[in-house]
Amino acid sequence: QVQLVESGGGLVQAGGSLRLSCAASISIVSIRTMGWYRQAPGKQRELVAHITTGGSTNYADSVKGRFTISRDNAKNTVYLQMNSLKPEDTAVYYCNALYYTYSSSWGQGTQVTVSS
């Protein structure tokens with residue numbers, strides 16, 4: 001299975017921006033969907049955004065208009081540009097790869113903390 005390595009998390013003030021990266025160990029062209037999820041303390045993991053091989057995207061209502069998911073097939077990397085960050089965006093963000101077999105892989109996660 002693919003190895004996913006996230007980076008780009010950190011501490012930012014409310015209203016600021018961060019860009020997360022997820023580097024895959026194989027060609028992401030062969031992966032059905034790449035996605036970003038997040039999990040805040042005491043809460044369930046939730047979908048933030050995903051992007052298909054064909055480039056179709058889907059976002060959680062809470063991040064629409066603020067976050068943008070994109071992919072660079074040449075670099076086997078998926079990005080999550082996060083703007084206008086809010087304290088409620090604080091969570092561990094995980095990269096996910098969903099294969100055509102419907103099995104999946106997860107990255108180790110990267111912490112995003114937004115201070116008010």
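On the given criteria, is S103 more than 16 Å from R19 (Cβ to Cβ), modelled with pLDDT under 95 and over 12 Å from the mean Cα position of the chain (by Cα)? Spelling it out, S103 is indeed more than 16 Å from R19 (Cβ to Cβ), modelled with pLDDT under 95 and over 12 Å from the mean Cα position of the chain (by Cα). How many residues, within segment 56-104, are surrounded by 13 or more Cβ atoms within 10 Å (Cβ to Cβ) and basic (K, R)? Of the residues in segment 56-104, 3 are surrounded by 13 or more Cβ atoms within 10 Å (Cβ to Cβ) and basic (K, R). Within segment 32-80, being closer than 19 Å to G9 by Cβ, hydroxyl-bearing (S, T, Y) and touching a residue at least 24 places away in the same chain (Cβ under 8 Å) holds for Y37, S62, T77, Y79. Looking across segment 105-116 at every residue that is in a loop (DSSP other than H, G, I, E, B) and open to solvent by 20 Å² or more (accessible area, probe 1.4 Å), the one that is farthest from L4 (Cα to Cα) is identified as S116. Exactly one residue out of S30, S17, S7 is under 26 Å from D61 (Cβ atoms) and among the hydroxyl-bearing types (S, T, Y), and it is S17.
Answer yes if at least one residue in segment 55-65 is under 12 Å from R38 (Cβ atoms), outside any strand (DSSP E or B) and not small (G, A, S), and no otherwise. Lay out the reasoning, then the answer.
At the first step, the residues of segment 55-65 found to be under 12 Å from R38 (Cβ atoms) are 60, 62-63.
Then drop every residue that is not outside any strand (DSSP E or B), which leaves 60, 62-63.
Checking which are not small (G, A, S) leaves us with 63.
Yes, the conditions are met somewhere in segment 55-65.
Being at pLDDT below 95 and open to solvent by 40 Å² or more (accessible area, probe 1.4 Å) narrows it down to one of Q13, Q44, Q1, Q39, so name that one. Q1 is the lone residue from the list that is at pLDDT below 95 and open to solvent by 40 Å² or more (accessible area, probe 1.4 Å).
The values are calculated or read from the model by the stated rules, or taken from the named source; none is laboratory data. All values reported here derive from a predicted model rather than from experimental measurement. Reconstructed Cβ throughout: ideal geometry from the backbone, glycine too, with neighbour counts over all protein chains shown. Protein only, heavy atoms only, side chains kept; ligands, DNA and RNA dropped before computing areas. Shrake-Rupley method; radii C 1.70, N 1.55, O 1.52, S 1.80 Å.
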